[in-house]
Amino acid sequence: MSKSFILHPQITLTFIFYLLILSPKPSSSLNITALLSTYPDLSQFTALLSAATSLTADLSHRNSLSLLAVPNSFLSTDPNLSHHQLSSSALTDILRYHVLLQFFSWSDLHSLPPSGKLVTTLFQTTGRATNNFGSVNITHDPHSNLVSIHSPAPYSSSNATLISQIKTLPYNVTIFTVNSLLIPYGFDLMASETRPSIRLNISKTLLDAHNFNIISSMLSASGVVNEIEAGEGGSGITLFVPVDKAFAELPSSVALQSLAAAEKIVVLKAHVLRAYYPLGSLQSTANPLQPTLATESMGAGSFTLNISTFNGSVAINTGIVQGVITQTVFDQNPIAIFGVNKVLLPREIFGKNPMESPVDIAAPPPYYDASSPSVLGQDLSSNVASVYCSEFFVFVLCCINLYLII
């Protein structure tokens, strides 16, 4: 008897199930400034957020978060902004402190116990917060029905009261308004003020040191040196520069010069801290895991440096390479440049499990214009290479099984 090609219902459902598994899935990108742009009373807060491009890029590929926005009437009179000329990096960290890494609804916050709930903010993930002071404690008073947000540090003067919920995209993001700008406990506003640049020519400084010709050339050719010099007047910078010998000692498997231009930029930025650290501070840092300029471009938690003391020297570990500071090239607040004996290869690119595709490095998360009506943009991927081989094998077995049963 010839085979009939009438599919059994159970087999049909199985077939459809595996098709759904293998179908490319859309990914959503969050445009937080577009959400805020429809609220005129939040225009000042939105402007601050729009200027913090590294933050908006990070938020664009996050989900399950809550934002605490400050209305104009409170922000315009905030003494922290009016009495201090804060650098852009300091303002960005303060804004990160207003991003809760957990989705809350209005009812969620009003269901919290009076003892409160400790919630991690985006600032805590940078490694620049002391202890858990990058988190906030959220409490609900059942008598007044007020929700308060304050630092977990005792006697902290920075706190805010929840005003309203203005926008929610369920289980993705909620925007609340609060009556005060929150400042992380221990955040030194005076040290974060914009300082006049000492106008150091980094390329010339490295060339004059006679042992940093390769890194000087790479920084200049990539344009990274311009970004570093532009940040001199902010919270400062700390630059780790490999000696020429370090490049000569790279194994043949590390094709540094074969990287795409965008990848080279990320590697170079992974040698730079967005803060001034003299040698003594590096030897006694309370936060050994430090974000780099590459962290700001590629997302929190990536391209970090672990700084520790090793046999009396300062060691810098990327996760796959450990270098040691061999000399101080330049150290004058707000710039510190230290020579290191290794090229600090990021594990995200050169590790055993590097990023899946150079495209992730060359193309940072898309930024959507606040004037665009689209808030959640759909990116329908058609790249079949993203389908895992194991899933394809299961699909083939399913098809063979289907044919045999029929």
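Values in this text are rule-based calculations from the coordinates and carry no lab data. It should be emphasised that the depicted structure is a prediction, and the values quoted were computed from it without experimental measurement. Quick reminder, even Gly has a Cβ in these numbers, built from the backbone with ideal geometry, and neighbours come from all protein chains shown.
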Exercise for review: Using per-residue counts of other Cβ atoms within 10 Å, averaged over each peptide, order 326-332, 264-270, 299-305, 140-146 from highest down.
Suggested key: 264-270, 299-305, 326-332, 140-146
Review point. Once the other residues with Cβ under 12 Å from the Cβ of residue 174 are scored (Lys, Arg +1; Asp, Glu -1), what is the net sum?
Key: 0
Review point. So what is the orientation-averaged projected area of segment 236-333, using the convex hull of its C-alpha atoms, in nm²?
Key: 6.9
Check your understanding: Using a Förster distance of 22 Å, how high is the FRET efficiency between residue 230 and residue 201, based on the Cβ-Cβ distance and rounded to 0.05?
Key -> 0.95
Point to revise | Equivalent ellipsoid semi-axes, segment 34-117, via Cα gyration tensor eigenvalues times 5, rooted, Å | key: 23, 17, 14
Check your understanding: Among 220-227, 92-99, how do they line up from the highest to the lowest mean number of other beta-carbon atoms within 10 Å?
Key -> 92-99, 220-227
Exercise for review: Would you work out the relative contact order for segment 69-127, in percent, from Cα pairs under 8 angstrom that are 6 or more residues apart?
Suggested key: 38
Check your understanding: How do the peptides 249-257, 124-132 rank, highest first, by the average count of neighbouring beta carbon atoms within 10 Å per residue?
Key -> 124-132, 249-257
Revision key, fill the gap. Note: residue 244 to residue 38 extended length (0.36 nm per residue) minus current alpha-carbon separation gives 68.9 nm
